[in-house]
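Reading through the structure tokens given below for one structure.
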Amino acid sequence: MPIAYDPFDEIRREAAGLNLIPPKVVADNAARGLALRKQFGRGSTEIGLSRAEELVARTELSPHTVKRMVSYFARHEVDKRGKNYGNEQNPSAGYIAWLLWGGDEGRAWALEMKARM
């Protein structure tokens, strides 16, 4: 089911003074995820790759995208219990995907931005 677009999201964000440009550490995590994905050939979907490219470019994200990030992290928290999660020499697909979405810092940032929206 598609999420309805709220035309007032942008107005609310501007009124709250929110900056939805991902922090550098989030962009760096996504770049590391892209490098690992290229090296090992696994991790994430086309949507995850698109998200990583947005994060690396540090483009301003829409409120909808930030909410999608929060949803992704909630669904994939379980990946942290998988074999080779965090292993840079042989990373799990879940670890690579987590980085592509901004890693732990991306999760924290997205949660904070969603709360402030």
(message) Once each part is reduced to its C-alpha centroid, what is the distance from region 26-70 to region 91-117 in angstrom?
(response) 9 Å
(request) Based on a Kirkwood Rh over C-alpha pairs, give the Stokes-Einstein translational diffusion coefficient of the chain at 25 °C and viscosity 0.890 mPa s in µm²/s. (result) 170 µm²/s
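If you place +1 on the Cβ of every Lys and Arg, -1 on the Cβ of every Asp and Glu, and leave all else neutral, what size is the dipole of the chain about its Cα centre, to the nearest 20 Debye?
It comes to approximately 380 debye.
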(request) For a footprinting-style exposure proxy, rank T45, T59, T65 by other Cβ within 10 Å, fewest first. (result) T45, T59, T65
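Please sort by residue number the GluC sites (Glu not before Pro) in region 69-117 whose DSSP state is loop and whose Cβ has at most 10 other Cβ atoms within 10 Å.
E88
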(request) Identify all lysines with a Cα-Cα distance to K83 below 22 Å; exclude those on the same chain that are fewer than 8 residues away in sequence. (result) K38
(message) Suppose we flag trypsin sites (Lys or Arg not before Pro) only when DSSP calls them loop and at most 16 other Cβ atoms lie within 10 Å. Which is the longest uninterrupted stretch of the chain?
(response) 1-41
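Readers should treat all values here as calculations from the given coordinates under stated rules, not as data from a laboratory. Nothing here was measured: the structure is a model prediction, and the numbers come from that model. Cβ coordinates were reconstructed from backbone atoms using ideal geometry, including for glycine residues, and neighbour counts include every protein chain displayed.
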